[in-house]
Amino acid sequence: MAAEEQAKELPQILILGPPSIFPYLESQFSNRFLFLKPWLYNLPLTQFLTSYAQSTQALLIRGGGNTQLTSTIIDCLPSLKLVVTSSVGVDHLDFPELRRRGVAIANAGNLFSEDTADMAGGGVAVGLLIDVLRKISAGDRFVRQGLWSKKEDFPPGLKLSGKRIGIVGLGKIGSEVAKRLEGFGCKISYNSRTKKSMAPYSYYPNVYELAANTEALIICCALTKETYHLINKEVMLALGKDGVIVNIGRGLIIDEKEMIRCLTQGEIGGAGLDVFENEPNVPEELFNLDNVVLSPHAAVMTYESKVELSKLVVNNLEAFFSNKPLVSPVVD
């Protein structure tokens, strides 16, 4: 009973998602916070919230995927004062409603820029690009299926060195990816909300022009109203039948149905995808395409980044409950 009473005195944190870091958080910090876990109850979420979360001031939510913080959910949380998301992006939050209610928001800040770019150098982004161009995963399947031993011919791939690469979103992550591609002798161009005065790359004011002048597009931008389905049919046709798309941003930045059509009809050359429109549900049409490489939204997650993200989340929560400034606040 003493332990239960002590737990009731801990700050309550509502968990939605839950984030992939939650098992680590729960194992390390259950003595500092009382975590509310709606998925353990056989109740609709709104009913759980009205029954158990009326005094909850802080919420931790998974970034990306299908977990959305809507106005309906917010209405069920009259005491809510802080939302912490495990992502950099906030497109899964009803941002205007949270701001209207004066709810503070904290995110992953700059934590992932190095990890995403590092994985891009040897795995996601650049790795996806190399894989699609050189047909590494397709070659692996070719060998495992015994086709090599049957003397069947495996189609040659394309080289990365010297390719004209377009970066969509030259922020922290896009800049780091661009630097790594320079090591392959690639010619870098970019599209971004504004021209970067210090960037040594060619700037195109719209994505269509960028696609028309490059051989591969790497999507690194955030999802906003302006970038929703930014990569549409016209952009893909401008990229051309040998062009490759790599997406480490958000799935909804690409018109997924149109991309599948372009891939199956040979209107673009291939795709390397770490993100999808309806995660974790990936269109089955992509599974049997040898010119497509798939990754389970892993670009930002290393073991080290999970540990650092957990610390950042805890630091933000402790700052909030101590009436101190948030460590990584989201500002307008």
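Rolling a 1.4 Å probe over the protein heavy atoms leaves Asp94 with an accessible area of roughly 50 Å².
Per-residue SASA remark: Val88, around 70 Å² accessible (1.4 Å probe; ligands, DNA and RNA not included).
Name the aspartates and glutamates eligible as straight-distance cross-link partners of Lys172: C-alpha to C-alpha under 17 Å, and not fewer than 8 places from it in the same chain. Candidates past the 8-residue exclusion: Glu114, Asp115, Asp118, Glu182. Pairs from the table (Lys37/Lys306; Lys159/Lys196; Lys81/Lys196; Lys195/Lys257) lying more than 27 angstrom apart at Cα are Lys159/Lys196; Lys81/Lys196; Lys195/Lys257.
Note on Leu237: accessible area is roughly 80 Å² with a 1.4 Å probe, heavy atoms of protein only.
Within the accessible surface of the chain, defined with a 1.4 Å probe on protein heavy atoms only, the carbon and sulfur portion equals 51 percent.
How much area per residue is accessible in the chain when the probe is 1.4 Å and only protein heavy atoms are counted (Å²)? Let's see the in-between values first.
On the way: 16610 Å² over 332 residues.
In whole numbers, the chain has 50 Å² accessible per residue.
Once the GluC sites (Glu not before Pro) in DSSP loops with at most 15 neighbouring Cβ atoms within 10 Å are cut out of the chain, the longest remaining piece is 10-151.
In percent, what relative contact order does the chain have, based on Cα pairs under 8 Å that are 6 or more apart in sequence?
Numbers: 587 pairs, mean separation 53.6, N = 332.
Reported relative contact order: 16 percent.
Beta bridges from DSSP with both residues in the chain: antiparallel share about 5 percent, rounded to the nearest 5.
Determine which lysines satisfy two conditions relative to Lys151: a Cα distance under 17 Å, and not lying fewer than 8 residues away in the same chain. Straight-distance partners of Lys151: none at all. Could you give the distance between the Cα centres of region 198-237 and region 133-148, to the whole Å? Computed from Cα coordinates, the inter-centre distance equals 31 Å.
Exposed loop trypsin sites (Lys or Arg not before Pro) only (DSSP loop, at most 15 other Cβ atoms within 10 Å): please give the longest stretch of the chain free of them, not including the sites. Value returned for the longest uninterrupted segment is 242-332.
Of the residues Tyr52, Tyr201, Tyr303, Tyr24, ranked by 1.4 Å probe accessible area with the largest first, the sequence reads Tyr303, Tyr52, Tyr24, Tyr201.
The values are calculated or read from the model by the stated rules, or taken from the named source; none is laboratory data. Owing to the predicted nature of the structure, the values given are computational and were not obtained by experimental measurement. Please note: Cβ atoms are built from the backbone with ideal geometry, for glycine as well, and neighbour counts cover all protein chains shown. Accessible surface areas use protein heavy atoms only, side chains included; no ligands, DNA or RNA. Shrake-Rupley method; radii C 1.70, N 1.55, O 1.52, S 1.80 Å.
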